[in-house]
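The values are calculated or read from the model by the stated rules, or taken from the named source; none is laboratory data. Every value quoted in this text rests on a predicted model; they were computed, and no experiment measured them. No Cβ is skipped: glycine too gets one built from the backbone with ideal geometry, and neighbour counts run over all protein chains shown. These area figures cover heavy atoms from the full protein model, side chains too; ligands, DNA and RNA do not enter into them. Shrake-Rupley method; radii C 1.70, N 1.55, O 1.52, S 1.80 Å.
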Amino acid sequence: MLVPALRSSAPRMALRVPAMRVRSMASMPLTSAPTSAFAKEPVNGKYTVSFIRGDGIGIEISEAVDEIYKAAKVPIVWENVSVAPFINKQGKQVIPDEAIESIKKNTVALKGPLATPIGKGHVSLNLTLRRTFSLFANVRPCKSLEGYKTPYDNVDTVLIRENTEGEYSGIEHEVIDGVVQSIKLITLEASERVARYAFHHAEQNGRNRVTAVHKANIMKMSDGMFLHACRQVAKEYPHITYDEDLLDRACLRIVQDPSPYADRVMVMPNLYGDILSDMCAGLIGGLGLTPSGNIGKDASIFEAVHGSGPDIAGQNKANPTALLLSSIMMLRHMRLFEHADKIEKAIFKTIASGDRTGDLGGKLGTKEFTAAVIKNL
Ligand SMILES: NC(=O)C1=CN([C@@H]2O[C@H](COP(=O)(O)OP(=O)(O)OC[C@H]3O[C@@H](n4cnc5c(N)ncnc54)[C@H](O)[C@@H]3O)[C@@H](O)[C@H]2O)C=CC1
Ligand SMILES: O=C(O)CCC(=O)C(=O)O
Ligand SMILES: [Mg+2]
């Protein structure tokens, strides 16, 4: 098939797109292992972790992490790095080498939210980081907080999102005036890698079911291949129940009653996980509460689910809990369990006591909430 007159990010020539020929799926090999780098050995008892403080509310919530970590005497030295993009000599948009080298060296990073211009401008730096370090699994847990009442008391979902391709591939062309094509790229390798990680995560965390969330009724080949990978990996985990659910139906079921989802891990292509994770956050009190980890084989980057909160940035209104809980996922990943438990307990105690930021109906600003957590350490 010939795609004529490609514009924008696509090369200015007609592209020959081969007729899609997928090998018999049943014969495709499955490879990669669910490993991920933990952290380098500490030097003089301290670990060095890269810290990208981010944009907008990123600055304020990163400061909260900084202060609470100092007060809790966490043995971490932050290596602050910027990922502000620039155009290199070849005219390509890149992020600074220092940031890449720092994360490569330390293997663990904490990241505040990074803003992405809408409709034009630079590509998402969040996406760039995930791709640069092959952070193939985005783990997004969402659990009701004791002491903070919402219409749902029993949310305990774990969502694992394929993190490097899918609808987030950013391959777009203007075919002719008024006709734009956006390509959802799904590979067996990435699907299988995230599927294996999902089963591994379920096994490690006492969850006895993996549910693949998809739209293979509509995207028969792409989501079909994703499901194929999940089904193949499921055979390696006979003690874990495997099932599948359509994305729209899963959304309906979760908002009607999230409690059945506490037994499982959901795994899905990129965009579905992006949307479903914000939806799950809404069940427990909003984006101020939900953490995530971008897991790779050679590095992992922990960040909140939320963005840069431009509507509240610089106003001492942001809830630092989501980034703090992301940092707690990071501490557990680094096997710093005692510090993780201590800080987590202090955060939950603070929220349960009624000392809360505005997003949870409280009166405290970011700084005052941070001070309250420190008091509860
Ligand atoms: N991983 C990342 O760095 C992400 C970056 N983004 C980027 O962030 C920018 C803003 O995106 P939005 O759609 O506005 O989403 P957003 O997540 O920044 O904000 C959505 C709503 O939630 C509120 N909110 C978010 N975090 C909060 C917190 N910690 N405490 C209290 N309220 C909080 C905001 O005030 C806003 O009303 C965009 O450029 C987007 O591309 C969005 C999501 C993730
Ligand atoms: O990269 C972005 O700007 C948005 C990313 C996002 O929404 C997410 O990772 O949940
Ligand atoms: Mg999102």
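Among the residues of this structure, D298 counts as one that is of a type in the set (D, E), under 25 Å from T128 (Cβ atoms) and either more than 16 Å from ligand 3 (Cβ to nearest atom) or crowded, with 20+ Cβ neighbours inside 10 Å (or both). Which pairs do you get when a residue that is more than 17 Å from L271 (Cα to Cα) and not assigned by the TED database to the domain that holds G119, found in the stretch 171-189, comes within reach of a residue that is open to solvent by 90 Å² or more (accessible area, probe 1.4 Å) and β-branched (V, I, T), reach meaning Cβ atoms under 8 angstrom, with the pair 6+ apart or on two chains? From the stretch 171-189, the pairs are H173/V180; E174/V180; E189/T31.
Residues of the stretch 334-362 that are within 20 Å of E63 (Cβ to Cβ) and within 16 Å of ligand 1 (Cβ to nearest atom): I347, T350, I351, D355, R356, T357, G358, D359, L360, G362.
Within the stretch 345-365, restricting attention to residues that are buried (at least 17 other Cβ atoms within 10 Å of the Cβ) and among the charged types (D, E, K, R), the residue that is nearest to ligand 3 (Cβ to nearest atom) is D359.
Okay, residues lined up against (1) open to solvent by 40 Å² or more (accessible area, probe 1.4 Å); (2) more than 15 Å from ligand 2 (Cβ to nearest atom):
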residue	(1), (2)
I95	no, no
I103	no, yes
V108	no, yes
T116	yes, no
L127	no, no
L145	no, yes
K149	yes, yes
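Of all residues in the stretch 152-161, those satisfying the criterion of being more than 15 Å from ligand 3 (Cβ to nearest atom) and either touching a residue at least 40 places away in the same chain (Cβ under 8 Å) or outside any loop (DSSP other than H, G, I, E, B) (or both) are Y152, N154, V155, D156, T157, V158. The single condition among (1) on the phi > 0 side of the Ramachandran plot; (2) outside the structural domain of H214 (by the TED database) that G166 does not meet is (2). The set of residues in the stretch 225-258 that are aliphatic (A, V, I, L, M) and touching a helix residue (DSSP H, G or I) at 6+ places or on another chain (Cβ under 9 Å) comprises M225, L227, A229, V233, A234, I240, L247, A250, I254, V255. Here the stretch 225-280 is the region considered, the condition is being open to solvent by less than 30 Å² (accessible area, probe 1.4 Å), within 20 Å of the chain's Cα centre (by Cα) and free of Cβ contacts under 8 Å to residues at least 60 places away in the same chain, and the residue that is nearest to ligand 2 (Cβ to nearest atom) is A250. Does the stretch 109-116 contain at least one residue that is farther than 23 Å from R193 by Cα, touching a residue at least 40 places away in the same chain (Cβ under 8 Å), part of a strand (DSSP E or B) and within 14 Å of ligand 3 (Cβ to nearest atom)? Looking for residues that are farther than 23 Å from R193 by Cα, touching a residue at least 40 places away in the same chain (Cβ under 8 Å), part of a strand (DSSP E or B) and within 14 Å of ligand 3 (Cβ to nearest atom), one finds at least one in the stretch 109-116, hence yes. Remark: pairs (first residue in the stretch 323-349, under 10 Å from E303 (Cα atoms); second residue of a type in the set (D, E, K, R); Cβ separation under 9 Å; 6+ apart in sequence or on different chains) = L323/K111; L323/E303; L324/E344; L325/E344; S326/K111; S326/E303.
With respect to the numbered conditions (1) at pLDDT 95 or above; (2) within 11 Å of ligand 1 (Cβ to nearest atom); (3) over 16 Å from the mean Cα position of the chain (by Cα), which one is the sole condition not fulfilled by L129? With respect to (1) at pLDDT 95 or above; (2) within 11 Å of ligand 1 (Cβ to nearest atom); (3) over 16 Å from the mean Cα position of the chain (by Cα), L129 is out only on (3).
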